[in-house]
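Asks: Structure in structure tokens, see below.
The values are calculated or read from the model by the stated rules, or taken from the named source; none is laboratory data. All values reported here derive from a predicted model rather than from experimental measurement. Note that each Cβ is placed from the backbone with ideal geometry, even for glycine, and that neighbours are counted across all protein chains shown. Side chains are part of the model used for accessible areas, which takes the heavy atoms of the whole protein and leaves out ligands, DNA and RNA. Shrake-Rupley method; radii C 1.70, N 1.55, O 1.52, S 1.80 Å.
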Amino acid sequence: MNWVELTAHELHDALKKKSVSAKELVDAFYARIESVEKGVRAYNTLTQKEALAQADRIDQAIARGEAIGPLAGIPIALKDNLCLEGVRTTCSSKILDGYRPPYDATVVSSLKKAGAIFLGKTNMDEFAMGSSTENSAFEKTKNPWDLSRIPGGSSGGSAAAVAASEATAALGSDTGGSIRQPAACCGVVGLKPTYGRVSRYGLVAFASSLDQIGPLTKDVTDTATLMNVIGGYDRSDSTSADLPMPDLTRALRRDVRGMRLGVPKEYFIEGMDPEVEGAVAQAIETLKKLGAEVKEISLPHTEYAVATYYILATAEASSNLARYDGVRYGYRAPEGRDLLEMYMKTRAEGFGQEVKRRIMLGTYALSAGYYDAYYKKAQQVRTLIKRDFDEAYKAVDVIVTPTAPTPAFRFGEKTADPLQMYLSDIFTISVNLAGIPAISLPGGFSKGGLPIGLQILGRAFDEEGILRVAYTFEQETEFHTRRPSLS
Ligand code: GLN
């Protein structure tokens, strides 16, 4: 049996039936990592010793006849901006060199309690700033479907690890699309939960009003299972929503009859790849045939989303990243003449180009004299973008769009022009500004064999609605069953 290619729910059945042990799974995954990692480079750090110890605990529980939960013994990868106690956490930046968090992120401790096994920490754009993982200070992660292409970003390592079967599932973070866009590029499922649904405690902050942690998985069922474990109120995060967490596996029903699907006219724009447009149109037809009612809607402020995001996200980043000063965390430049020089040298040497660009942009937007013109204006536009969705959801239950305007592009194609790179997130960014949930799932393939993502957006805290539509579509199609050959 090729265990590494199975979903978490399939592995759970196998563990229960004792067709495989957690130890055998861990060994199979590290063998897989050993054989494909030279090409893919999804991981920054492997945690084999801890993984084997956790596997041993799960196998003992199974041997004692204890009932195991759906994630017990399931091998999972963590984006390298999530704190895992005692294991180096880099955010793919030099500035965190040597940093080992003394605590677990809330999502990490929830997963540990559920018996999940962490295989390692995955590569990303430095501090989650980017759409291709090319901004990592370390390796370039490759797209498992075509090693000459980017895996998407910033959670490119997590998406590639799942697509290449180097982990059954992974966690990523999404500030403007960083779970959904790499999921689309790599042909896996990625969910950005409603803001406040999943605790951010222990997630290294990029833009705190936009960041959310979410799962990347091989199918929609696994996404629901992971969300059940990581979602819910956490008093350690002051922005965590104090709401009961519904059992999201209840949403896994193959039925969209009577559901109202909105198709925003502003999302079918010039410059969109015709194969992406075709796949999404086809997907909408499929859902219509299954009984959904399709309506054209308008989200009139869409054209301002990217500009609004790049003011707010950089403003928040400039404040959040002020803490890396050579004293409190990680890297310190060899002593300067005085404290100020030490700070300046540390930050000049420790941060990469994109991070510096954003700190400068954000500092500028927040500076006296410009604050009203940029930051305050952007906050006002953010409200208008949110109101567009409030208005749309009076007429529809979910909204269907492409996840990204093109399939995975080639290395270097967009690095010379930051604006081109920023436009990769044109379809994902509004969701973060509005705080609503959205999922990307395999929606087709290009003629060249590259995955195309289908995005489904929901009302705030209606993860059930988007999972139901996603599950129905998935059961009707075979895209999620394809695996890259990696030969
Ligand atoms: N690509 C976007 C950016 O660079 C989004 C990143 C993210 O979601 N973390 O900011």
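Asks: Being open to solvent by less than 10 Å² (accessible area, probe 1.4 Å) and either of a type in the set (K, R) or closer than 13 Å to F409 by Cβ (or both) is the filter here, so list the residues in the range 131-156 that pass it.
Replies: Initial filter on the range 131-156 (open to solvent by less than 10 Å² (accessible area, probe 1.4 Å)): 131-133, 141, 143-144, 150-156.
S131, S132, T133, N143, I150, P151, G152, G153, G156 - these are the residues of the range 131-156 that are open to solvent by less than 10 Å² (accessible area, probe 1.4 Å) and either of a type in the set (K, R) or closer than 13 Å to F409 by Cβ (or both).
Asks: So, one more: What number goes with the only condition from (1) assigned to a helix (DSSP H, G or I); (2) crowded, with 24+ Cβ neighbours inside 10 Å; (3) more than 16 Å from the ligand (Cβ to nearest atom) that A159 does not pass?
Replies: (3)
Asks: Further, regarding this structure: Of the residues E285, E277, only one is under 26 Å from A395 (Cα atoms), surrounded by fewer than 20 Cβ atoms within 10 Å (Cβ to Cβ), of a type outside the set (V, I, T) and touching a residue at least 60 places away in the same chain (Cβ under 8 Å); which?
Replies: Working: E285 fails: touching a residue at least 60 places away in the same chain (Cβ under 8 Å).
The conditions single out E277.
Asks: Please determine, by comparing only the residues of the range 383-396 that are part of a helix (DSSP H, G or I) and not acidic (D, E), which one is most open to solvent (accessible area, probe 1.4 Å). Give the steps one after another, and end with the answer.
Replies: Here is the first cut: in the range 383-396, the residues part of a helix (DSSP H, G or I) are 383-392.
Filter again for not acidic (D, E), leaving 383-387, 389, 392.
Working: T383: 65, L384: 64, I385: 4, K386: 89, R387: 140, F389: 6, A392: 8 Å².
The extreme case among them is R387.
Asks: Kindly list the number of the only condition in (1) among the hydroxyl-bearing types (S, T, Y); (2) within 14 Å of the ligand (Cβ to nearest atom); (3) at pLDDT 95 or above; (4) open to solvent by 30 Å² or more (accessible area, probe 1.4 Å) that fails for S440.
Replies: If we test S440 against (1) among the hydroxyl-bearing types (S, T, Y); (2) within 14 Å of the ligand (Cβ to nearest atom); (3) at pLDDT 95 or above; (4) open to solvent by 30 Å² or more (accessible area, probe 1.4 Å), just (4) comes out false.
Asks: Identify, please: which residue in the range 193-217 is among the hydrophobic types (A, V, I, L, M, F, W, C) and open to solvent by less than 10 Å² (accessible area, probe 1.4 Å) and is, among those, nearest to the ligand (Cβ to nearest atom)?
Replies: Taking the range 193-217 as the starting set, the residues that turn out to be among the hydrophobic types (A, V, I, L, M, F, W, C) are 198, 203-207, 210, 213, 216.
This time we only want the ones that are open to solvent by less than 10 Å² (accessible area, probe 1.4 Å), so: 198, 206-207, 210, 213, 216.
Numbers: V198: 14, F206: 6, A207: 8, L210: 8, I213: 11, L216: 13 Å.
Taking the candidates together, the pick is F206.
Asks: Out of T223, T286, I need the residue that is closer than 20 Å to A460 by Cα, in a helix (DSSP H, G or I) and at pLDDT 95 or above. Which one? Before the answer, list the steps.
Replies: Details: T286 fails: closer than 20 Å to A460 by Cα.
T223 is the lone residue from the list that is closer than 20 Å to A460 by Cα, in a helix (DSSP H, G or I) and at pLDDT 95 or above.
Asks: Please specify each residue of the range 229-283 satisfying the condition of being of a type outside the set (K, R) and assigned to a strand (DSSP E or B). I'd like the intermediate steps shown before the answer.
Replies: At the first step, the residues of the range 229-283 found to be of a type outside the set (K, R) are 229-234, 236-249, 251-252, 255-256, 258-259, 261-264, 266-283.
Across the range 229-283, the qualifying residues are G231, L261, G262, V263, P264.
Asks: Would you check if I269 is buried (at least 22 other Cβ atoms within 10 Å of the Cβ) and either of a type in the set (A, V, I, L, M, F, W, C) or within 16 Å of the ligand (Cβ to nearest atom) (or both)? Even if it seems obvious, please write down each step before you answer.
Replies: Numbers: buried (at least 22 other Cβ atoms within 10 Å of the Cβ): no; either of a type in the set (A, V, I, L, M, F, W, C) or within 16 Å of the ligand (Cβ to nearest atom) (or both): yes.
No: the conditions fail for I269.
Asks: Within the range 89-112, work out how many residues are more than 19 Å from R200 (Cβ to Cβ) and open to solvent by 30 Å² or more (accessible area, probe 1.4 Å). Lay out the reasoning, then the answer.
Replies: Start the filter on the range 89-112 by keeping residues that are more than 19 Å from R200 (Cβ to Cβ), which leaves 94-95, 97-98, 100.
Still in the list and also open to solvent by 30 Å² or more (accessible area, probe 1.4 Å): 94, 97-98, 100.
Residues in the range 89-112 being more than 19 Å from R200 (Cβ to Cβ) and open to solvent by 30 Å² or more (accessible area, probe 1.4 Å): 4 in total.
Asks: Here are T403, T415: which of them is closer than 22 Å to S173 by Cα, crowded, with 17+ Cβ neighbours inside 10 Å, within 13 Å of the ligand (Cβ to nearest atom) and of a type in the set (V, I, T)?
Replies: Working: T415 fails: crowded, with 17+ Cβ neighbours inside 10 Å.
Of the residues listed, the single one that is closer than 22 Å to S173 by Cα, crowded, with 17+ Cβ neighbours inside 10 Å, within 13 Å of the ligand (Cβ to nearest atom) and of a type in the set (V, I, T) is T403.
Asks: Six or more apart or on different chains, Cβ under 7 Å: which pairs go from a residue in the range 302-321 that's β-branched (V, I, T) to one that's modelled with pLDDT of 95 or more and within 13 Å of the ligand (Cβ to nearest atom)? Could you list them?
Replies: Once the first residue is β-branched (V, I, T) and sits in the range 302-321, its partners that are modelled with pLDDT of 95 or more and within 13 Å of the ligand (Cβ to nearest atom) give T302/S430; V306/I429; T308/L433; T314/R358; T314/L361; T314/G362.
Asks: Sticking with this one: Go over the candidates Y364, Y375, Y371 one by one and state the one that is aromatic (F, W, Y) and either open to solvent by less than 80 Å² (accessible area, probe 1.4 Å) or under 22 Å from the mean Cα position of the chain (by Cα) (or both).
Replies: Y375
Asks: Continuing with the same structure: Give the range 303-342 a look and list any residue that's crowded, with 20+ Cβ neighbours inside 10 Å and among the β-branched types (V, I, T), or say none.
Replies: T308, I311, T314
Asks: Of the residues in the range 179-190, how many are within 13 Å of the ligand (Cβ to nearest atom) and either open to solvent by 10 Å² or more (accessible area, probe 1.4 Å) or over 15 Å from M124 (Cα atoms) (or both)? Before the answer, list the steps.
Replies: Step one: filter the range 179-190 for residues within 13 Å of the ligand (Cβ to nearest atom), giving 179-185, 190.
Remaining after also requiring either open to solvent by 10 Å² or more (accessible area, probe 1.4 Å) or over 15 Å from M124 (Cα atoms) (or both): 184, 190.
So the answer is 2.
Asks: Please identify the pairs in which a residue from the range 243-272 that is farther than 30 Å from L71 by Cα has its Cβ atom under 6 Å from the Cβ atom of a residue that is of a type in the set (K, R) and surrounded by fewer than 17 Cβ atoms within 10 Å (Cβ to Cβ), counting only partners at least 6 apart or on another chain.
Replies: G262/K295
Asks: Only one residue in G115, G73, G86, G69 is open to solvent by 10 Å² or more (accessible area, probe 1.4 Å) and either at pLDDT below 95 or on the phi > 0 side of the Ramachandran plot (or both). Which one?
Replies: Working: G115 fails: open to solvent by 10 Å² or more (accessible area, probe 1.4 Å); G73 fails: open to solvent by 10 Å² or more (accessible area, probe 1.4 Å); G69 fails: either at pLDDT below 95 or on the phi > 0 side of the Ramachandran plot (or both).
Answer to the check: G86.
Asks: Does L243 count as open to solvent by less than 10 Å² (accessible area, probe 1.4 Å), under 25 Å from the mean Cα position of the chain (by Cα) and aliphatic (A, V, I, L, M)? Talk me through it step by step, then tell me what you get.
Replies: Details: open to solvent by less than 10 Å² (accessible area, probe 1.4 Å): no; under 25 Å from the mean Cα position of the chain (by Cα): yes; aliphatic (A, V, I, L, M): yes.
No: the conditions fail for L243.
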